[in-house]
Amino acid sequence: MFSNNLLKSEDGIFTEWRLRAYGSALIFLCLFFGWLLFKGHWPIEADGHAYCIDFNLFWLTGKLAAAGHAAQIFDFPAWAKIQEAFSGPLVPEGMPGCHNWQPFYYPPTYLFFTYPFGLVPYVGAFMAWIVVLFVLYQAAVYSIIPRSTARIVATTPVFVIFTNVFTGQNGFISAGLIGLSLAFLERRPWVSGIFLGLLTYKPHFGILFPIALLASRNWRVLGSAAVTAIVFGVLATLAFGYDGWFSFLHGLTNRTPSMSVPNGKDLAVESVYALMYWVSTTPWVAWSVQLTVTAAVALRIWIVWASESVSFNLKAAALCVGTCLASPYVMPYDFAILTISVASLSEKRCHADFYEENEWRFLYVGLCSSL
């Protein structure tokens, strides 16, 4: 009964005209960004300064790294002056422009991602960044579900695309690396581990992967990921200096209860911790709830990944959802990771019998997704 109702609902939702509507929405979004670019509203403002978006920081880090001045990225007074020279002076809240200067949050390994774009002028680098990251994201989805119709469904969450494209954020990198790691896990474990090792540029999204790999005894993936992460870190230290690690650790610990940096504006964090914090609980209550949820999700991931009766598609989907639930620091653009779970559940092995056998797990994943 459950599977029949589910399939009927699916037939009603994923009709041809709705798939065309999804694609049309994506085309409209591209045209909208093209219009903003043509009118000079984005990413360059009328006064010649760059629109105050996150990509500014990424491009500046790439430019400094390419010029051999990576140390300035980790020296906040110098880094703030560089941002001001590029984006113009700070403006009051409510006015267009930058309201505060942001430190560099990432480990120095992230500079390997931004370095090539620092060799290109800003506008060209921004367009290349969007295209390259979206292609990486599409490649991950295609490697999981190589069918055009399903790709449309899985890769047109307009809100996720909007937040990543408009701000130039890196949600597509995280989703792409996770998707490719999961896609190659069964057939090319060493390759899967390489993608997972590269994900250490955002280590909070990798905390559940060792649990899943240990539970499923995927030793080659685990070993490959560990070696890649170590080599990645050593190369970053040799290329950009060790100061970046101290800066990264300082950024992890020097935070306000809202997860923002001191004297910075509150961030739009989308996590269990943030939910509890914004309903006016004390930080220790918010942390207690977050850690409880993280522990519960970790236990569930262990059970699911240790089971031989659960399809790999469902394991992958649960891991993607759990990744977003387990971390206290999840931004709106990071929800691109959830589309990998959609792609995994849409793969051809998810037929009626599969739904029937695993309906409680689908309900669990759906509940987690709604949170």
- Can you name every residue in the range 110-126 that is surrounded by 15 or more Cβ atoms within 10 Å (Cβ to Cβ) and under 22 Å from Cys52 (Cβ atoms)? Tyr110, Leu111, Phe113, Thr114, Phe117, Gly118, Val120, Tyr122, Ala125, Phe126
- Could you grab the pairs with beta carbons closer than 8 Å, sequence gap of 6+ or different chains, first residue in the range 246-269 and under 21 Å from Thr282 (Cβ atoms), second one modelled with pLDDT of 75 or more and of a type in the set (Gly, Ala, Ser)? Pro257/Ala286; Ser258/Ala274; Met259/Ala274; Val261/Gly251
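Of these, Leu249, Leu213, Leu235, which one is modelled with pLDDT of 95 or more and either farther than 20 Å from His69 by Cα or touching a strand residue (DSSP E or B) at 6+ places or on another chain (Cβ under 8 Å) (or both)?
On the way: Leu249 fails: modelled with pLDDT of 95 or more; Leu235 fails: either farther than 20 Å from His69 by Cα or touching a strand residue (DSSP E or B) at 6+ places or on another chain (Cβ under 8 Å) (or both).
The unique qualifying residue is Leu213.
The values are calculated or read from the model by the stated rules, or taken from the named source; none is laboratory data. Everything numeric in this text was worked out from a predicted model, so none of it was measured. Methodologically, a virtual Cβ is constructed for each residue, glycine included, from the backbone with ideal geometry; neighbour enumeration extends over all protein chains shown.
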